[in-house]
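The values are calculated or read from the model by the stated rules, or taken from the named source; none is laboratory data. Since the model is a prediction, treat every value here as computed from it, not as a measurement. So basically every Cβ, Gly included, is an ideal-geometry build from the backbone, and we count neighbours across all protein chains shown. These accessible areas exclude ligands, DNA and RNA; they are computed on the full protein's heavy atoms, side chains included. Shrake-Rupley method; radii C 1.70, N 1.55, O 1.52, S 1.80 Å.
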Amino acid sequence: MYTSHEDIGYDFEDGPKDKKTLKPHPNIDGGWAWMMVLSSFFVHILIMGSQMALGVLNVEWLEEFHQSRGLTAWVSSLSMGITLIVGPFIGLFINTCGCRQTAIIGGLVNSLGWVLSAYAANVHYLFITFGVAAGLGSGMAYLPAVVMVGRYFQKRRALAQGLSTTGTGFGTFLMTVLLKYLCAEYGWRNAMLIQGAVSLNLCVCGALMRPLSPGKNPNDPGDRDLSVLPAHSTESVKSTGQQGRTEEKDGGPGNEETLCDLQAQECSDQAGHRKNMCALRILKTVSWLTMRVRKGFEDWYSGYFGTASLFTNRMFVAFIFWALFAYSSFVIPFIHLPEIVNLYNLSEQNDVFPLTSIIAIVHIFGKVILGVIADLPCISVWNVFLLANFTLVLSIFILPLMHTYAGLAVICALIGFSSGYFSLMPVVTEDLVGIEHLANAYGIIICANGISALLGPPFAGWIYDITQKYDFSFYICGLLYMIGILFLLIQPCIRIIEQSRRKYMDGAHV
């Protein structure tokens, strides 16, 4: 149903016989493509790294506002959830405005959310400023960073995504240390102000997202200079005026009143032409924006609800179902591990080397190693993806059984390494739907992940408020995660059965 993505990254050129031939784009798999990886890397540091370090602020909010763990956890989960949930709608922005503008606007909104949150009087205020505002800005900067790497790479795409998404691990480690230091030295409110200033670097990352285009078409009216107007330019007005004055001087001593009238008429003509030029520029800009918005909306709508709808792909629907349960199993440890460490009286050991930092550091190596393995010609990306998922589920089930720092550190290392499969998600998504549908499809996947991140941490806090334990929340989330993986595995089997049945029916008719 979906077209192949073999020709992505190639420009069309007119041949000698007016035929279209393919020319490799110089920036595919090289050149500016590595700047895309660098830009995406810093976006992951500033967005995903900051969100994974919110456990530090969660402890501060518990002490400041004296609310339940379930209610306070909604602040972090709203921010992480909305970052991902808005993915499908950010796809509309990308289709309309492009990745660069979307990411820059997202950086400004994210920074504003951090700054406004520093003046929070209660938890409910943080729901709006940090959960909604900062989360929306993060989503607007995050999706373009993932999509642009996919557009700039054909070979070693898994490795490129793995390198860029290692920013999550680096960011988690750095932001955890940074937020701890800032909270200890300046208090959590000033820490959020400083973090808001740091988040403005997302605008720089967005500016680096140069569109990958085949070049300007001289016959395209949108590419022409708006100042080039053939008939009524200021140059012609000036030359006409100068000619009139020359003729007047050559004609002998003219009437001064007539000269003044001509000059006044010339000035009024120039002002009129300038107004006409401004009006033409405005009309042309409005027309161009209208066409661009309409085209972006049509592409966005057809991708989700048209004849080529993504939801007609059964395997992709199963992938969405898996994503609904997967992300919470990764997010819950980051949000609640600092509190779990306090409950187990392991604060001194955790202060020396935080468990969340162990997850972050190993997560870096996991993404790179799994990306390299998945790019091997003899290895299937899906096999690596599923094996990492099974390892993560097993780690989630074992985590509640560990009550020592060493045991928790080992399980956290397993969680960090196996969660490196996140770098494979864009590659797997592209294999399912093609590069031309990647923005919309990956937007749906991270939206499902966002729902999981939104509900997971508050659910774990609610279970603790009832049972005074976090154990049951890990068991339930792990069980739902396992169901999602099994649902993903069933789909190829169903497809094989249907194909066999179709062949059998065709043979019976013959």
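Here is the P(r) of the stretch 106-145: all C-alpha pair distances, binned every 10 Å from 0, give 39, 47, 14, 1 in whole percents.
Volume of the convex hull of the stretch 390-452 (Cα atoms only), normalised per residue: 87 Å³.
Only Cα pairs under 8 Å and 6+ residues apart enter the sum, and on that basis the relative contact order of the stretch 309-505 stands at 38 percent. The slack between Leu486 and Cys378, meaning 0.36 nm per residue of separation minus the straight C-alpha distance, is 36.4 nm.
Fully extending the segment from Ser287 to Leu343 would add 14.0 nm, taking 0.36 nm per residue of separation and subtracting the current Cα-Cα distance.
Over the stretch 309-505, the hull volume per residue, using the convex hull of the C-alpha atoms, is 133 Å³. Between Met277 and Arg210, what length in nm is gained on full extension when 0.36 nm per residue of separation is reduced by their alpha carbon distance? Full-extension gain reported as 21.1 nm.
For the pair the stretch 103-146 / the stretch 400-476, the C-alpha centres are spaced 22 Å from each other. Here is the list for the stretch 116-187: chymotrypsin sites (Phe, Trp or Tyr not before Pro) lying in DSSP coil, each with at most 11 other C-beta atoms within 10 angstrom of its C-beta, are Tyr119. Summed over the residues of the stretch 333-400 and divided among them, the accessible surface reaches 42 Å² per residue at a probe radius of 1.4 Å.
If you count, for each residue, the other Cβ atoms within 10 Å and average over each peptide, how do 397-407, 100-110 line up from highest to lowest?
Ranking the peptides 397-407, 100-110 by packing returns 100-110, 397-407.
For the stretch 383-468, the share of accessible area belonging to carbon and sulfur comes to 77 percent (1.4 Å probe, ligands and nucleic acids excluded). The trypsin sites (Lys or Arg not before Pro) of the stretch 154-195 that meet both conditions, a loop assignment by DSSP and at most 11 other Cβ atoms within 10 Å of the site Cβ, are Lys155. Which part of the stretch 103-126 falls in the paramagnetic zone of His66, meaning amide N under 15 Å from the point 7 Å along Cα-to-beta-carbon? 122-123, by backbone N distance to the label point.
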